[in-house]
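Okay, structure first, notes after.
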Amino acid sequence: MALSWRDVGIVSAVSLISFLIVGGFPHLLKAFPLDDSWIHQVVARNLAHYGKLGFIPGVWSSGSSSLLWTLVLAVNWKFLPGVNPVAYSDVLNLVFLIAIGLAMLAMARRDGLARPWCWMWALGPVLSGNFVWLGLLGMEHILFVALSVVGIYLWFEPGLRSAVLCACCLGALSMTRPEGLVLAGLAAIAFRLARRSWREVGIVMAVVAICVAAFLWANFLTSHSWLPMTYEGRKWLYFGSVHVPWKARFTFLLSLGLTISRPWSAKAPTVLFLQMSVLALIAIGVFRVFRERRLRMGFLCVWSFALIGAYFVMLPAMSHGGRYQPLFLALNLPLMFLGIESLVGVILPKFKSPRREMAARSAVLITICVLTGLASLAVWRQIARDSTATIESTHETMGRYIVAHVPAEAKVAAFDIGRIGYIYGGKLIDLGGLTNSKFLPYMQQHRMMDYLEARHVEYFVWPSDRDGASMIPDELTITPEIRERLVTVKSFCAPVVVWKINLEAIGNATPCQVLYRVKAAGASPAVPAHN
């Protein structure tokens, strides 16, 4: 369905305003709110400068779960070196937000939704502060949603041209995140609903197969594993083992419900009434979509359910700010708005309201939805500011300290390798299992010192609480025996107020980064170099 310039203008304006609000306008954020965001930048920079995918310059290794996003960021480093990488990724994600809005608007119109609610369906994602916050991360999540929405819209459009374009979208989706290939299977299953021929199904599957092969080849080349090395590292970080316990799967489903009110509250688990109300409205919205047979909108909901199912099996975790379920976050407000409109549409006729009042219903409801969105954007403006400040006051400060005070020839390792590695030049030895899973068994057996000594590491950075305790799984705790072999060199902690909202909203739990020096074997205790 053709979109007018007016449609483009409205969607672009609302997306831009939302992005600027969460981004802190007029004092826009000049860094990323998560440490992982910087890992992507390091890998992309190394690819552009050395021609090899990896976290360490000139060495094939893992570190990024998104091949396509790495290639997109590498364009910045290779051809636009004067453009700030934060600004570059922000502009890209803003474009993807606009693409999502336009595709959802066209989708709702094709499905015959009433005009005002077409707009609420289209603008709902950019009125969710949590979803817009993902656009500030400098990661692939907004791209993933954009390719999903556009690909689904194209699949239900007639003609060979739309099938080819859909194939390109779904192929790119599988290179953006590995779970993206599931959508191609769903599209093939629904080929009769989309009125597609076997030939068109074959085109989609062939393009996706080529892209999946490229993704697998890149993983095997960098880490000798078909799946990204980050997959094993994340399982270890979240569950303390590469084997996912069944309890974690059901906790994951519970967390979806607990975070349903997250767009309006950093303390989502404490606002039970709000959670239940929002969840009920979303359920009504989903029921309405399927009851009215909104084909495209319904298929987008099915894709969201499939992603939840994939993570239930493979990696049952929401991760920071819910970033592992970006489509779930994108659809929450649109479905809630539909639920509100459906509920009011059932209640008002029972009071036999005059036609004039019924005519004003949509205007009032849209106003309520917009105000709800503005409240969400305001909350996540604060979260974006504080989460960025947390990373910059700990990881960024530690990185600059290492550059200034640690001997250039010394080997340095870190658990959080993103921001520190970006400043230090990507020479860090990874202690988080994102680029090398060989470290994980050492931590399971509390043999971290053996790993460090085998690699002649002299300094390493570790996350901790303010009292020096590790705020990570027990398997990764620095034991008293290990601590006797260390000298504390320097620690940097985020301000309490800044860190608190960061913990409550996105689960970035460690307030401090501590630099340790490893004592030589048999050395006597020494006075710390710096307090």
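What follows draws every value from the coordinates through simple rules; no lab data is involved. These figures come from a predicted structure and were not determined experimentally. As a convention, Cβ positions derive from the backbone with ideal geometry for all residues, glycine included, and neighbour counts pool all protein chains shown.
Taking every DSSP bridge with both residues inside the chain, close to 70 percent are antiparallel.
Pairs exceeding 25 Å between alpha-carbon atoms, taken from Lys411/Lys490; Lys427/Lys490; Lys427/Lys500; Lys30/Lys235; Lys247/Lys500: Lys427/Lys500; Lys30/Lys235; Lys247/Lys500. Taking each residue as 0.36 nm, the span from His243 to Arg6 lengthens on full extension beyond its C-alpha to C-alpha distance by 80.2 nm. Shown for the chain are the DSSP H helices of 27 Å or more along their axis, judged by Cα atoms, with a mean Kyte-Doolittle hydropathy of at least 0.5: 85-110, 198-223, 272-291, 295-314, 326-347, 355-391. Couplings for segment 406-419, taken from phi via the Karplus curve 6.51 cos²θ - 1.76 cosθ + 1.60 with θ = phi - 60°, read 8, x, 4, 7, 6, 8, 10, 10, 7, 7, 9, 9, x, 5 Hz in order; Gly and Pro are left as x. A cysteine counts as unpartnered when no other cysteine's C-beta lies under 4.7 Å of its own; in the chain this applies to Cys118, Cys166, Cys168, Cys169, Cys211, Cys301, Cys369. Amide H contacts under 5 Å for Lys490: Leu515, restricted to partners 5 or more places along the chain or on a different chain, H placed in the peptide plane at 1.01 Å from N.
A dipole drawn for segment 385-518 from +1 and -1 charges on Cβ atoms has a positive end, and of Met443, Gly507, Val461 the residue lying farthest that way is Val461. Stokes-Einstein, applied to the Kirkwood radius of the chain over Cα pairs at a viscosity of 0.890 mPa s and 25 °C, places its translational diffusion at 101 µm² s⁻¹. Both radii were evaluated on the Cα set of segment 1-147; the Rg over Rh quotient, with Rh as the Kirkwood radius, amounts to 1.04. Report the calculated FRET efficiency for Lys500 and Leu374 (r = Cβ-Cβ distance, R0 = 25 Å), to the nearest 0.05. With a Förster radius of 25 Å, E is 0.55. For Lys438, the aspartates and glutamates whose Cα comes closer than 16 Å to its Cα, not counting residues fewer than 8 places off in the same chain, are Glu232, Asp430, Asp450, Glu453, Glu475. Karplus-based coupling profile of segment 444-449, in residue order and whole Hz: 4, 9, 6, 10, 4, 5, with θ = phi - 60° in 6.51 cos²θ - 1.76 cosθ + 1.60 and x standing for Gly or Pro.
Sequence-distant contacts, meaning Cα pairs under 8 Å at least 6 residues apart, place the relative contact order of segment 194-302 at 10 percent. Using C-alpha pairs under 8 Å with a sequence gap of at least 6, the mean separation divided by the residue count of the chain gives a relative contact order of 19 percent. Distance distribution note for segment 385-518: the fraction of Cα pairs above 27 angstrom is 14%.
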